[in-house]
Every structure is written in structure tokens, then in C-alpha cells.
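Okay, structure first, notes after.
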Amino acid sequence: MPGRTRAVVPFSVTVPSGAALGDHPAVIVARAGTRSSAVRVRVRVTGPALSALTVEHVRVRAGRVTYELVNRGTTVLAPRLAVRADGVLGRVLDRAPRTLPLELPPGRRVRLTEPWPHQPALDAVDVTLTVTAAGGAHGSASAPARFVPWGTVAASTAGLLAAVGAGAVVRRHRHRPPDRDADEQAYPEVELTGAGT
């Protein structure tokens, strides 16, 4: 191709007989030397369009929530995620739905992480993730989480055990029975004999 010219290059796609229905992403790449250019292509295998999405394997860890999204339908989805966490005394996290920066093809599974840097110090919560997408796709999953300040608990337990131990030593010392040997040493037995014997 000479410089500053355009060329139309036809191409064809052959769909395998066992291909799943729905959208399938692809890329056409043109290369010349060390330079390349890519064009995204979406091939749709005709059939009933189904939008279905699930949330799986939700886990709450230090400073984050991990989960998996699975496209169970036949169309490419752009999921929207909402996050909520309810504790003993009420809601501790409430994030409005927002579009995730990804497109999920049919049958694909992706593992994602949601940051949660300001988790409660002491609470028992249920974290719920809800995802939606175009076409009526909807999925939700929850996971429990318990937050306990183990450092504080360990220090308090150690202090309590020390106090109980000290109290037991003092109590034992106060109720200690008299030392017989000490009494015998303080008051030695004296044998008295009568003058007429």
C-alpha cells in the first residue's frame, strides 16, 4: 500500500457447527513491519438472545471483597455492581450501582476485587453484591464477615488472666493454715518433772 492510500480488504467468517448461540468477540490485526493496528469484531451466532449473570464465591478479606462474575447468557454484558453491608447496628456500607470497566462475553467467568479499606473494627456483617446488565440480567450473592480486634482482645485476655492469677495468690496467702513446724519451734515442748520423783 502506498503512503496516504486506503485499501478495502474483504474477509469472511466461518462459524463452527457446534458454536454456542450469542455474541462472540474477535479481533482483526493488520501488521506491517513493527507496526500493527487492531479492529474489534463481534460475531453473533443467531438464536434466542438471553441475558443472564451470576455472582459467585463472595469473600470478605482484609480491606477488600473478592468475587466472581459469570455470564450465563448468550449476549455480551457490561455489568453494573452495587455493594451493601449490614451490621448488627445497621448499614455500614452502601455503594450505588456503577458500571464495571469490562465486557463479559457469553460463558466467561472473571474474578474481581472490590476495595473496602474502612472495614468496621468490631461488628458482624452480611455483605451483599448485586449485579445487573442490559436485557434484564440480574444476580446477587452474600457472604458473612466477622470483625474482631484480636490485638485488643489478646491484651485484655492477658490482663484479665494476670489479675485472676494475682487474686488467687493473695487469697491463698490469706487463708493459709498455720505452720505447725513454726509453732513447735516458737513454743518448744518442755518436760516437767515433779519434785518428788
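The values are calculated or read from the model by the stated rules, or taken from the named source; none is laboratory data. Computed from a predicted model, the values in this text were never measured in an experiment. Glycine gets a Cβ as well: all are built from the backbone with ideal geometry, and neighbour counts include every protein chain shown. Each accessible area value is taken on the protein alone, full model and side chains, heavy atoms only, with ligands, DNA and RNA left out. Shrake-Rupley method; radii C 1.70, N 1.55, O 1.52, S 1.80 Å.
Of note:
- Residue order for 147, 11 - accessible surface, 1.4 angstrom probe, largest first: 11, 147
- Counting heavy atoms of the protein chains alone, residue 142 has an accessible area of about 80 Å² for a 1.4 Å probe.
- Computed over region 13-148, the convex hull of the alpha-carbon atoms projects to a mean area of 11.1 nm².
- Descending principal axes extents, region 18-68, alpha-carbon based, whole Å: 48, 37, 16
- Residue order for 9, 58, 39 - accessible surface, 1.4 angstrom probe, largest first: 9, 39, 58
- Positive contributions from Lys and Arg (+1) and negative ones from Asp and Glu (-1), summed over other residues with Cβ under 11 Å from the Cβ of residue 56, come out at +3.
- Packing order of peptides 124-130, 32-38, highest average first: 124-130, 32-38 (average count of other Cβ atoms within 10 Å over each peptide's residues).
- Using R0 = 45 Å, the C-beta based FRET efficiency linking residue 54 and residue 1 works out to 0.45.
- Estimated distance in nm for a label pair at residue 44 and residue 148, the labels positioned 7 Å out from Cα along Cα-to-Cβ: 5.4 nm
- Solvent-accessible surface of protein heavy atoms, probed at 1.4 angstrom with all chains present, puts 138, 24, 57, 118 in the order 118, 138, 57, 24, largest first.
- Local electrostatic count, residue 82, Cβ distance below 13 Å [Lys/Arg +1, Asp/Glu -1]: +3
- The label point for residue 13 and the one for residue 91, both projected 7 Å from the Cα toward the Cβ, are 4.2 nm apart.
- Computed about its Cα centre, the charge dipole of region 1-152 is approximately 740 debye, with only Lys, Arg, Asp and Glu carrying charge at their Cβ.
- Projected label points at residue 36 and residue 109, each 7 Å from Cα along the beta carbon direction, are separated by 2.9 nanometres.
- Per-residue SASA remark: residue 50, around 90 Å² accessible (1.4 Å probe; ligands, DNA and RNA not included).
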